[in-house]
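Below is one structure, written out as structure tokens; the observations come after it.
The values are calculated or read from the model by the stated rules, or taken from the named source; none is laboratory data. Values in this document were obtained by computation on a predicted structure and should not be read as measured data. We place every Cβ from the backbone using ideal geometry, glycine too, and count neighbours over all the protein chains shown. What goes into the accessible areas is simple: the full protein's heavy atoms, side chains included, and nothing from ligands, DNA or RNA. Shrake-Rupley method; radii C 1.70, N 1.55, O 1.52, S 1.80 Å.
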Amino acid sequence: MPPSPWTPESDAAGTTGDPIRVVLVDDQQLVRGGFRMLINSQPDLEVVAEAGNGSEALAALAAVGADVVLMDVRMPGMDGIEATEKLLGAGGVRNEDVKVVVLTTFDLDEYALSAIQAGASGFLLKDAPPEELLEAIRTVHRGDAVIAPSTTRRLLDHVAPLLRTAGSPGSPHAAAVASLTPREHEVFSLIAQGLSNPEIATKLFLSEATVKTHVGHILAKLEARDRVQAVVIAYATGIVAP
């Protein structure tokens, strides 16, 4: 089914407090300009900085407060993968606060995978519908991850063979998955299939609070930053397959 018609009122409904602060990182000014106009048209979103490559992005993020970064992958100088690693890695510029959504195209699957493994909270195609881009920003800001859009699932399916190499038996990921309880393993499998907490609760006849507790334990045991990291581990260890 096509997405529901987008309206500013529907997007803004239920939002309170300060707007979500967004940083745009792309070497094409025209692309940044289009994203800026779209994002700034929303009452709950605000572009606070722009950068043309990874180095500029790190400098901008050291100077301004930000919640979400839209990060292109291929850029001159420092690319989006290295910038994501430096931003989110141990001792990163804004290690705990900022979330990264990687912008990619189908011919850059391996690059997108590297960025996800570096800690990005999701990835989208550059030509994704406007409502999908806006929802991605809100989703990662809530602490969830962008794993539901079909683009993400198709990309993960496509790079599954690459992930398998990282999740071979005896790997840290395999050992972490083996440490899950039967119920956690069940919830983990449903996370990997893209189900939300309410959907998991319905399917397993649990309360949402219980599911949230299980998800927290799963992420801690897997040492996963968020649900996207958990999904990557699920593909790597064969919990789900294309």
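Every residue, every condition in (1) open to solvent by less than 50 Å² (accessible area, probe 1.4 Å); (2) in contact with a Pro (Cβ under 8 Å, 6 or more places away or on another chain); (3) among the charged types (D, E, K, R), yes or no:
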| position | (1), (2), (3) |
| --- | --- |
| N40 | no, no, no |
| P43 | no, yes, no |
| V47 | yes, no, no |
| N53 | yes, yes, no |
| A59 | no, no, no |
| G65 | yes, no, no |
| V68 | yes, no, no |
| D72 | yes, no, yes |
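Remark: T181 falls outside the filter, which requires a residue to be among the hydroxyl-bearing types (S, T, Y) and at pLDDT below 65. Just so you know, in the stretch 194-242 the residues that are in a helix (DSSP H, G or I) and of a type in the set (G, A, S) include one that is modelled with the lowest pLDDT, and it is A236.
Exactly one residue out of T152, T165, T139 is β-branched (V, I, T), on the phi < 0 side of the Ramachandran plot and modelled with pLDDT of 80 or more: that is T139.
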